[in-house]
1. When you look at HIS97, is it under 15 Å from the mean Cα position of the chain (by Cα) and either under 27 Å from GLN157 (Cα atoms) or of a type outside the set (A, V, I, L, M) (or both), yes or no?
2. Which of the numbered conditions does ARG198 fail, given that it passes all the others? Conditions: (1) surrounded by fewer than 21 Cβ atoms within 10 Å (Cβ to Cβ); (2) among the basic types (Lys, Arg); (3) assigned to a helix (DSSP H, G or I).
3. Is there a residue in the stretch 246-254 that is of a type outside the set (Phe, Trp, Tyr) and either under 25 Å from ALA16 (Cβ atoms) or open to solvent by 90 Å² or more (accessible area, probe 1.4 Å) (or both)?
4. Out of all the residues in the stretch 173-184, is one or more farther than 23 Å from GLN40 by Cβ and within 16 Å of ligand 2 (Cβ to nearest atom)?
5. Among the numbered criteria (1) under 15 Å from the mean Cα position of the chain (by Cα); (2) open to solvent by 50 Å² or more (accessible area, probe 1.4 Å), which single criterion is violated by ARG183?
6. For the list (1) without any contact (Cβ under 8 Å) to a residue 12 or more places away in the chain; (2) farther than 19 Å from TYR4 by Cα, I need the number of the one condition that LYS208 fails.
7. I'd like the full set of residues that are away from ligand 2 (no atom under 14 Å from the Cβ), surrounded by fewer than 24 Cβ atoms within 10 Å (Cβ to Cβ) and part of a loop (DSSP other than H, G, I, E, B), limited to the stretch 124-156.
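The values are calculated or read from the model by the stated rules, or taken from the named source; none is laboratory data. Just so you know, these numbers come straight off a predicted model, no measurement behind them. Here Cβ is always computed from backbone atoms with ideal geometry, including for glycine, and neighbour counts include all displayed protein chains. Surface areas here come from the heavy atoms of the whole protein model, side chains and all, with no ligands, DNA or RNA. Shrake-Rupley method; radii C 1.70, N 1.55, O 1.52, S 1.80 Å.
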Amino acid sequence: MWTYQHTHFKVHQIPALNDNYIYIIEDCQSDIVCIVDPAQAHIVQQACQTLGLTPTHILNTHHHWDHTDGNAELVQTYHCQVIGNQEDAKRIPCLSHPISANGSFTLGRLHIQHMDMPGHTLGHIAYKIDDALFCGDTLFGGGCGRLFEGTPQQMWQSLQTLANLSDTTQIYCAHEYTLPNLRFARAVDPHNKALKQRITRDTQTRIKKQPTIPSSIGLEKQTNPFLRPLNPAFIQAYNQENNTCFDALQVFTHLRERKNNW
Ligand code: ZN
Ligand code: FE
């Protein structure tokens, strides 16, 4: 478990399943304790016991089982409330507080903003508290989520919403996919110095069995191919393959398809 101090709350990061991260958000000025995407209940229970915390809320980014499987047992144990997109009311287990895709609410001293992030699934949302972003399977270290339900255009718009957040925003995504993502990034963007440095650093981090997450919006904008489709290397490659006019969405779509078959 790793802990990060923010203004008046802490984020505890717990690895789960093969490569998932579950986050515990602890409001230091109230009893509010939010669990983001509990893949496994017993892992959350163990961590909360160690920390002396009682979960009060679950925040689900989307309905996939590796983000919601712990809901039922945590509700039973702690009687916590489950917050998620009202559009996925039938797909998120034990959802007790359906919310709209965009908006905000306050729990204790936590001011929680939520944003519509269609792409990976249609009902996917992200949560943001100050400079901490919980974006589930939308933006990953060096990559982005697969398009299971949404269109490339929806995902591109979602990613642009995130890219417009401040560079210092900390990205608490739901999977440790960074190294495989960066290998793809290097293949399509071989001359990117910031990317090379990141690969060296993140490789060392993983050798030490540390997380490469949280990342930041600033770092992703420099190194993540899915946030920079208009960089000269892609445009050149895309031009050679497709002798037509193009825009950022077309190049993004092309990159996303290429990664699927990589
Ligand atoms: Zn997912
Ligand atoms: Fe997932």
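1. When the stated conditions are applied, HIS97 does not pass them.
2. (1) is the only condition that ARG198 fails.
3. no
4. yes
5. Single failed check for ARG183: (1).
6. If we test LYS208 against (1) without any contact (Cβ under 8 Å) to a residue 12 or more places away in the chain; (2) farther than 19 Å from TYR4 by Cα, just (2) comes out false.
7. Within the stretch 124-156, ASP130, ASP131, GLY150, THR151 qualify.
Conditions tested, residue by residue: (1) buried (at least 19 other Cβ atoms within 10 Å of the Cβ); (2) more than 16 Å from ligand 1 (Cβ to nearest atom); (3) touching a residue at least 40 places away in the same chain (Cβ under 8 Å).
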residue	(1), (2), (3)
ALA89	no, yes, no
ASN102	no, yes, no
SER158	yes, no, yes
ALA163	no, yes, yes
